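Scroll down for the structure; my scribbles are underneath it.
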Amino acid sequence: MTPQKQKLVVIGNGMAGARVVEEILKRARDRFEIVMFGAEPYGNYNRILLSNVLNGSQSATEIFMNPLAWYAENGIKLHAGVKATKIDRERKVVIGSPLKKEALAYAVDAAAVPDAALVEESYDHVIIATGSRPFVPPMEGFGGTGTFLFRTIDDCDQIAEYAKTCKHAAVIGGGLLGLEAARGLMTHGVEVTILEAAPQLMIAQLDPEAGQMLRDTIEDMGIQVMCEKITTKIVREDGRIKRLDFKDGSTLATDMVVVSAGIRPIAEIASVSGLTVNKAIVCDDQMRTSDRSIFAVGECVEHRGKIYGLVDPIWEQAKVLADVLTGFNPKAEYLGSKLGTKLKVMGVELASMGDTKPSLPDDEVVVYREPSRGVYKKLIVRDNKIAGAILLGETDTAGVLMQMFMANSAVSSRRADLLFGSATGAPVLSVFDLPDHAQICNCNGVTKGAIKEAIMIGKCHSVAKVGGCTKAGLGCGSCKGLVAQLIEAYAGEVVDDASEHYYVPGVALEKSQLVAEIKRLGLKSVSAVFRELAGGKEDPASKVGLASLLKTLWPGEYDDERDARFINDRVHANIQKDGTFSVVPRIYGGVTSPAELRRIAEVAEKYNVPMVKFTGGQRLDLLGVKKDDLPKMWKDLGIPSGHAYTKSFRTCKSCVGTDFCRYGLGDSIKLAQEIEHRFQGIESPHKMKLATAGCPRNCSEAYVKDLGAVAIEGGLWEIYIGGAAGGTIRKGDLLCTVKSHDEVLKLMGRFMQYYREHGKYLERTYHFVERLGIETIRMIVVEDSEGIAARLDAAIQQAVDAYKDPWQEAAVPAYPGQFSAPELAQVLEVAENNG
Amino acid sequence: MNTPNTRTINLGSLDKIPLGQGRSFQVEDTQIAVFRQRDGKLFATQNACPHKQGPLAEGVAGGGKVICPLHSHKFDLATGQGSEPHECVKTYVVREAGGEILLQL
C-alpha cells in the first residue's frame, strides 16, 4: 500500500511559486499532491522579459516559463484565475474566490465573480508566493483611460494598443522597470518623458554621478528625463489625459501615463490568516512563517528585515524551502542574499552590486570616469573585499567582480585589475557575454555552446563531468576556471566532484591521504599501490602520476616498474608526431663550446637527423631520431641528457651576465650553470623551467619562469617563483632577496622540494603558487614557520645525490627491447597439435 | 586450432615484452602491438592509433586498456573500442604457450 500523499497548497503561480514547485519536484517527485492558486488566468511567465513583449521583440507566448500543460504533466492542480483569500488554520483549509476575467489580479480589491462558489482546498503544508503589486504614488486621477501599470502581460498589451492613439507618454518612475517601459514605448513612436521623484535615475543601483551619466545617455536617445518631479494630479479633458500637474507647480502635457514606481509585497492573505506580517510576511531562515506548516517565498517575504525583488535571492529561497519541506536537507538555511545585477538599460551596459556609496570611514573608493564614452566605474573596497561596485557603459569585468562580491573573496591589491581586467592575464570577461561559438577549450576545440549543452541537457554539473562529456579542460587545463564559471552561470552551482581532488583518477584519495597511506603501508611500486589502495584494479591513466609520486617519496628505494613510465621517460627522449624522438643534450646555462658544437654536428650528420633546432631553453634539439639510434647517439655525444622530455627540472636559461654584458649586475651564467648542475633531472609534479637574469632588463625572461633569479644593484639576487610564459602568462611572485649564489640554490631547492611534496600531479608552479598564495609559501620556505626547512633541505639534497644521467642506460638497457624498433616477425605457421 | 582462414604465428619468447608493457611486431605489411599485462593476460591490436597513427605499443597500458602516447586516446584492448566516437582498433587473438607468444591472424 502506498502511503497517503501529503497535500501541498501553493498560493501564487508567479515565478517564485512555480520555481519552488519545480525545486520540490526535483527532490521528491511523488511526495506531495500539489494544488496551486493563481490569480492571473495564465500559466507562469518570466516577468523579467515583459519589456520585450512591450517593445515587440518577443511574443507573450515566448516568455511563458510553464505553460498550462506543464501543470497537467506534473499532476498539479491549478486554480487559474482564482485568488486565495484566506488560510483557515483551524480547519487547515485554503479558501479562494474566482476573479472576474477583467479583474486586476493583484489589486487589493480585485473583483470576484459575484455569487461564485468559493474554492476550498485542505492542506498539510502551504507555501505563500503571492509576490508583489506595483506601487502607485498617491495622485489624483490615476485609474481609468490612459493610465497604466507595467507589470503583467495584459498591461503590456494594453499599453502598446493605447500608445497608437498618443503623441506623448509619461513614465512615472526612473528605476529599472521605468526605463524599460520608456524604451518599450519609444518603439511605438511616442515621445517619452521619464518622471522621477528622486534627484537621480536608478537610485537603488547607481550613485548620483553614474545616474547623471546614464541620464545624459538616455537624453541623447531622445527621451526626456525630469528628476525631483512628484505628480499630484492627472488632468483630463473630454475623457482623455491632457496634462500632469506636479507638486512644484509645473506641468507636462501628455496623452498617457505609465506608472512603474516600485513594488509592495502582497501580504493580505497572511494578515487575515493571523500570520506575523511586518513590511512583508516574516519568515525565518527556513522560510517558515509564524505557523510551522505555512511557508513563504519570494517578493512577499521579509527575511531578516529585508525584502528581495530580484530573481537570484528568490531562487535561493526556493531551494532552501524545497530542501526543508521535502526533507532532502532538513537543516538547509537561507541566510540572506547579496544583491547584484548586470543588465542593459536602453542599450547601455550596466552592472551594479552592493553599496553604491561608502558607509564606513575606512572604506576605500576607486573611481574611473570617461564621460566622452559614457563610461563610469566605481569600486568600494572594505577590508580588502568588494563592498560595492558600479560599472556603467563598459562592464567587461562585471562577471568576475560579481563572483568575488558574492563569494566575499579578497581582491587583488591592484584595484585597477578589478575595473579593467588583469594586466597579466587574458581580458576578464563574463561568461554570459561570450557567444555560443566562442572557443573555451583551446586545446580540444570545445565551444561555449557545446559546454552549455553538456551542462543544461547533459546535466553535467561538475568540471570533471563536463570534461568527460566534451573534453573541455582535459588539455592544458587552463580553461577549467571558465568551465566552472559556465556551470555556475547555467546550472546555478558547481558540484564538487570528489574525483577532481584525487591525485590520480584510479585511486580514490587526495594527495595528502594517498601519501599517508603509501607511507603507512610501505608501498614502493605502482603495482603495489593498485593492489593495496585501488582494490587491485590497474588504471593506466594513473600509472605515470603514481610513479612520479613514489619516486619522490622513496628516494633510492623506489621500485621502478618501467611500464608505469610514459614512453618519453622509458627512452629518455621526447616522442614526436611520427613516432620518432628528439635528442636534447644538456648545455649548462646555455653555454657551449666549439668542441661540443662540433660533436653535436657530427652526431647529427652521422645519424641523418632531419632537423637541428634551438629550443626555447637555449639548447640544441636533434629531431626525428629513430628509437634504436638513441643509445648510439648518446654514446657518441658524451653529453648528459638535457631532460627535455619529463616532468622534472628542465633547464636554466641565462643572459650574458657580467662577463661581457655592459649592464650585468650579477654573474647570471655562473649561477645558471650551478643551478643546472645541482637540479638536473629532479622530478616534480610538472616540469620546471628556470632562468637567471644578470639585471632587471630580464633578457633571459627570468620573471616568467617557474623559478627565476634576477640580479639587482648591491650584489643581491631576487628569487621569483610561479612565473609562466606559455599558454598561461604570469609574472612570478618575488619570494625573497638574497646575497649569494649559495643562498639562491638553497632557497630554490627548498621551494622545489615543498612543491614536490605538495603540488598536485601536473600542477605547474604558477597554479601551485596561486593556490597556496605567495605569503603562505614565503612563511614556510623563507621564514620556516613550520619548522620544516631543514628537512626540506635534506630531502632535496638526497634527490640531488641520487641523480644519475639516464643516458647512461645507453650502455646497459634497463630492460630487453628498451630501444628496439618494431620487431620483424618471421611468419612461420605453427603446426598445431590437434590432439 | 587453425581453421582454413586463420594462421597462427609464433612471435617468439614472451620475455621480449617487459611486464606491463607493449611491443610492436612487423607482421608482413602490418604492425601489430602486443601487450603483456601484469596479471599475465596478453592482448594484441593494430599498432597504429586511428587518430594520428601514434604507436600504441609505446603507450602506457593496464587494466585492459592502452593510452596512445601522442594524444591520449584510449582503447579497450579486448574489444578495440576507443574512447573517442567512431574510433576503434582491430584486435587479434593472442596467447602464450610454452613461454612463446602465439598470434592468430
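Descriptive notes on the structure:
- Helix-only [θ]222 nm of chain A, DSSP H runs n ≥ 4, -39500 (n - 2.57) each, per residue, nearest 500: -8500 deg cm²/dmol
- Ranking of B:T8, A:T470, A:T165 by neighbouring Cβ atoms within 10 Å, starting from the fewest: A:T165, B:T8, A:T470.
- The ranking of A:K551, A:K385 by Cβ neighbour count inside 10 Å, starting from the fewest, reads A:K385, A:K551.
- Extension gain for A:F135-A:N74 works out to 18.5 nm (0.36 nm per residue, less the C-alpha to C-alpha distance).
- Contour excess over end-to-end distance, with Cα ends at A:T145 and A:E161 and 0.36 nm allotted per residue: 4.6 nm
- Cα point-scatterer Debye curve for region A:340-420, base-10 log of I(q)/I(0) at q = 0.20, 0.25 Å⁻¹: -0.82, -1.25
- Counting, for every residue in B:53-60, the Cβ atoms of other protein chains within 10 Å of its Cβ and taking the mean gives 5.
- Pair-distance distribution P(r) for region A:186-261, from all Cα-Cα distances in 10 Å bins starting at 0: 17, 46, 32, 5, 0 percent.
- Exposed loop sites here are GluC sites (Glu not before Pro) assigned a DSSP state other than H, G, I, E or B and surrounded by at most 13 other beta carbons within 10 Å; excluding them, the longest clear run of chain A is A:334-492.
- Of interest is the spacing of the C-alpha centroids, which for region A:398-416 and region A:316-386 amounts to 11 Å.
- 0 to 90° range, to nearest 10: angle between helix A:789-801 axis and chain A longest Cα axis: 50
- Taking other C-beta atoms within 10 Å as the exposure proxy, A:S654, A:S593 rank A:S593, A:S654 from fewest upward.
- Peptide A:557-567 shows a mean partner chain C-beta count of 4 within 10 Å per residue C-beta.
- Chain A, relative contact order [Cα under 8 Å, separation at least 6], %: 6
- Under the combined filter of DSSP loop state and at most 15 neighbouring Cβ atoms within 10 Å, region A:459-550 retains none of its chymotrypsin sites (Phe, Trp or Tyr not before Pro).
- For the protein assembly as shown, share of DSSP beta bridges that run antiparallel, in % to the nearest 5: 70
- Over region B:20-104: Kirkwood hydrodynamic radius from C-alpha pairwise inverse distances, Å: 12.5
- Tensor-based shape of region A:501-565 (alpha-carbon gyration tensor, a/c under 1.5 rounded, otherwise prolate or oblate): rounded
- Using the Cβ-Cβ distance between A:V367 and A:D124 with R0 set to 60 Å, the FRET efficiency works out to roughly 0.65.
- When the alpha carbon coordinates of the protein assembly as shown are projected onto the principal axes, the ranges are 108, 85, 52 Å, largest first.
- Restraint check, A:K689/B:K65; A:K606/B:K74; A:K26/A:K338, Cα-Cα greater than 31 Å: A:K689/B:K65; A:K606/B:K74
- Cα-derived Rg over Rh, computed across region A:76-210 with Rh taken as Kirkwood radius: 1.07
- Peptide A:817-826 has a mean of 6 when you count, residue by residue, the C-beta atoms of other protein chains within 10 Å of its C-beta.
- Derived scalar couplings between HN and Hα for region A:771-786 equal 5, 8, x, 4, 5, 4, 5, 4, 4, 6, 7, 9, 7, 6, 5, 9 Hz in order, rounded to whole Hz, by the Karplus curve 6.51 cos²θ - 1.76 cosθ + 1.60 (θ = phi - 60°), x for Gly and Pro.
- Diffusion coefficient, µm² s⁻¹, Stokes-Einstein with Kirkwood Rh over alpha-carbon pairs of region A:660-788 at 10 °C and 1.306 mPa s: 109
- Against the compact-protein benchmark of 2.2 N^0.38 Å, the Cα-based radius of gyration of region A:434-495 scales to 0.92.
Read the figures in this text as sums done on the coordinates, not as results from a lab. Predicted model, so just to flag it, every value in this text is computed and none were measured. Note: ideal-geometry Cβ built from the backbone for every residue, glycine included; neighbour counts use all protein chains shown.
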